[in-house]
Amino acid sequence: MSAVSSKEIPDTAAANAELTTAREASRKDHKPYEARHFEEVEWETIRWPGETGKMLFHPRPERPTEPNAGILRLEPGAYHPEHYHGFAQVWHILKGEFSIDGTLHGPGTVLFHPDPHFEGEFRTETGGEIFIVQYPGPTTGERPIYGGRFNMAERKAVASERVDL
């Protein structure tokens, strides 16, 4: 019996029910998934006022393409000014309401920021939580920044933060 590519199998519930996954990976040059839990990570100070985060994954020299992925917790009154990035990202609002460039967004909203992009003025009166994934820009090649942004020992004044990257 010859191997059948998944591209050759119809995408139907009946066809998918026939598929099995009890096998050893045939491609040894591919890595398996990784799982982490929010309880395993401490809250960190993030550069914008009223914001802390738990980043489960983040880029580092030995893993430069790992995304910044985690949860941001924002206190009522948290904000940030308009600023710019060369990487791409997706946000999923879990709790609270957030005004972004004057438009109010609530729970269940998913925002996509292509590369390069700007984040408009951001404010929240309610506070809340946002799950974010920042990843290297497919067109710019620019990577998200973790060090000094998500793991700050002490927050700087907003006026001293760079907003051009």
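The values are calculated or read from the model by the stated rules, or taken from the named source; none is laboratory data. All figures in this text were calculated on a predicted structure; none of them were measured in a lab. Methodologically, a virtual Cβ is constructed for each residue, glycine included, from the backbone with ideal geometry; neighbour enumeration extends over all protein chains shown. These accessible areas exclude ligands, DNA and RNA; they are computed on the full protein's heavy atoms, side chains included. Shrake-Rupley method; radii C 1.70, N 1.55, O 1.52, S 1.80 Å.
Residues that are part of a strand (DSSP E or B) and touching a residue at least 24 places away in the same chain (Cβ under 8 Å) were ranked within segment 94-103; the one that is farthest from Ile132 (Cα to Cα) is Ser99.
Say whether the condition of being under 19 Å from Asn68 (Cα atoms) and open to solvent by 70 Å² or more (accessible area, probe 1.4 Å) is met by at least one residue in segment 117-128. The answer is yes; a qualifying residue exists. Consider segment 29-78 and keep the residues that are of a type in the set (Asp, Glu) and surrounded by 12 or more Cβ atoms within 10 Å (Cβ to Cβ). The one that is modelled with the lowest pLDDT is Glu66.
Yes/no per residue for (1) closer than 13 Å to Phe131 by Cα; (2) of a type in the set (Val, Ile, Thr); (3) in contact with a Ser or Thr (Cβ under 9 Å, 6 or more places away or on another chain); (4) not in a strand (DSSP E or B):
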site	(1), (2), (3), (4)
Arg47	no, no, no, yes
Leu56	yes, no, no, no
Gln89	yes, no, no, no
His92	yes, no, yes, no
Gly108	yes, no, no, yes
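Just checking, does segment 48-66 include any residue being out of contact with any helix residue (DSSP H, G or I) (no Cβ under 7 Å at 6 or more places or on another chain), farther than 19 Å from Arg36 by Cα and among the acidic types (Asp, Glu)? Looking through segment 48-66, at least one residue is out of contact with any helix residue (DSSP H, G or I) (no Cβ under 7 Å at 6 or more places or on another chain), farther than 19 Å from Arg36 by Cα and among the acidic types (Asp, Glu).
Counting only residues that are in a strand (DSSP E or B) and either buried (at least 18 other Cβ atoms within 10 Å of the Cβ) or in contact with a helix residue (DSSP H, G or I) (Cβ under 9 Å, 6 or more places away or on another chain) (or both), segment 129-143 holds 4 of them. Among the residues of this structure, Ile93 counts as one that is open to solvent by less than 50 Å² (accessible area, probe 1.4 Å), in contact with a His (Cβ under 7 Å, 6 or more places away or on another chain) and closer than 18 Å to Gly53 by Cα.
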